[in-house]
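All remarks here apply to the structure that follows.
The values are calculated or read from the model by the stated rules, or taken from the named source; none is laboratory data. These numbers come from a predicted model, not from an experiment. Note that each Cβ is placed from the backbone with ideal geometry, even for glycine, and that neighbours are counted across all protein chains shown.
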Amino acid sequence: MKEDKTIVAPAWETTVAKMHAPLAASVGQGSALRVACAPTPAPSRYLPPHSNMAKQLPAHLTHKAALALLPPASIAAPIEAVRRVHDKHFARWPPHINLLYPFLASPSDTILEGGTLSSHLKKDIRARIQNATRSIEPFQISLNADPHGVFSHGKRSKTVWLGPSTERVQQLHAALQAEFTECDVDQRPFTPHLSVGQAQSDAGAQKLGEEINRSVAHFNNGIDEDQPVALDWYVDKVYVIERKGYHDRFQTVGSIELGKE
């Protein structure tokens, strides 16, 4: 995956992004009022890099690598329109659902190809992922924007996310976790999610949830009361992504097709 460059957004996305901008400052300033949104599940098993766990990782693991699902470019626009305004990790992370994070340290080799250095997933790690996913066929999911999900990390720290509509992601995670037992540093339940931004209050999280709902609905050409507000996604690959430094952007160093020997 290449570094972020200047992107010429579609006209609809530019409009949506402008619509989001005024809300950016207000998302963290809502009252302590309890608002109706998706039930908040147990905290995600994946902690941000600044957490205490980041300082306690064993030497074979790193927060500079992840095994993840990456949504196709065909559905990324409404997600990125919201993330670029509200997600403090936008510059470093592509839109993603983490499957194993932190992941194995130094998962790639750097190779000189045609005068250019490029990173490629190590053969032994690729073989292990193939072994774990060979019996898992590609599957369809929907990323639900209504209702959205919220993680509460404290009174003034919330993360808003989209969740998949099927248990197949949990099954994929379980197969990978069984193969990479050394990556299990957190025993909390796995909650698959694609983060879209952060807020500083329950009310702010509700506003952000409404914003991603509008963005997805606009992308889908309006709200149909008989259809869920969601993004359809055919999952046929898992990706290993890596960054060289903690402030660098994650790049794809390998992709593995599901259901392949």
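Assorted remarks:
- Residue match in segment 80-90 (condition: closer than 28 Å to Gly259 by Cβ, touching a strand residue (DSSP E or B) at 6+ places or on another chain (Cβ under 9 Å) and hydrophobic (A, V, I, L, M, F, W, C)): no
- Of the strands (runs of 3 or more DSSP E) contained entirely in segment 77-166, those carrying at least 1 residues that are free of Cβ contacts under 8 Å to residues at least 12 places away in the same chain and among the acidic types (Asp, Glu) fall at 108-113.
- Filter result for Lys260 (part of a loop (DSSP other than H, G, I, E, B), over 25 Å from Ala91 (Cα atoms) and modelled with pLDDT under 95): yes
- Cβ pairs under 8 Å, 6+ apart, first in segment 243-255 and in contact (Cβ under 8 Å) with a residue 24 or more places away in the chain and over 14 Å from Ala68 (Cα atoms), second hydrophobic (A, V, I, L, M, F, W, C) and buried (at least 17 other Cβ atoms within 10 Å of the Cβ): Arg249/Trp93
- Residue selection: Arg92 satisfies the criterion of being among the charged types (D, E, K, R), crowded, with 16+ Cβ neighbours inside 10 Å, over 20 Å from Glu211 (Cβ atoms) and touching a His at 6+ places or on another chain (Cβ under 8 Å).
- Odd one out for His173, checked against (1) in a strand (DSSP E or B); (2) touching a strand residue (DSSP E or B) at 6+ places or on another chain (Cβ under 7 Å); (3) touching a residue at least 60 places away in the same chain (Cβ under 8 Å): (1)
- The listed residue being more than 30 Å from Gln56 (Cα to Cα), touching a Leu at 6+ places or on another chain (Cβ under 8 Å), acidic (Asp, Glu) and surrounded by fewer than 20 Cβ atoms within 10 Å (Cβ to Cβ), out of Glu137, Glu210: Glu137
- Any chance Ser118 is under 29 Å from Pro58 (Cα atoms) and small (Gly, Ala, Ser): yes
- Failed condition for Lys244, given (1) under 17 Å from the mean Cα position of the chain (by Cα); (2) modelled with pLDDT under 95: (1)
- Single residue of segment 180-207 satisfying the filter (small (Gly, Ala, Ser) and under 19 Å from the mean Cα position of the chain (by Cα)) that is surrounded by the most Cβ atoms within 10 Å (Cβ to Cβ): Ala205
- Residue check for Val229: aliphatic (A, V, I, L, M), crowded, with 16+ Cβ neighbours inside 10 Å, in contact with a strand residue (DSSP E or B) (Cβ under 8 Å, 6 or more places away or on another chain) and at pLDDT below 95: yes
- Checked against (1) out of contact with any strand residue (DSSP E or B) (no Cβ under 9 Å at 6 or more places or on another chain); (2) of a type in the set (Gly, Ala, Ser); (3) modelled with pLDDT under 50, Gly28 passes all but a single condition, namely (1).
- Consider segment 168-179 and keep the residues that are within 16 Å of Pro102 (Cα to Cα) and of a type outside the set (S, T, N, Q). The one that is surrounded by the most Cβ atoms within 10 Å (Cβ to Cβ) is His173.
- In segment 56-76, residue surrounded by the most Cβ atoms within 10 Å (Cβ to Cβ) [restricted to those that are without any contact (Cβ under 8 Å) to a residue 40 or more places away in the chain and not hydrophobic (A, V, I, L, M, F, W, C)]: Ser74
- Here Gly209 clears all of (1) out of contact with any Cys (no Cβ under 7 Å at 6 or more places or on another chain); (2) at pLDDT 95 or above; (3) small (Gly, Ala, Ser) except the condition numbered (1).
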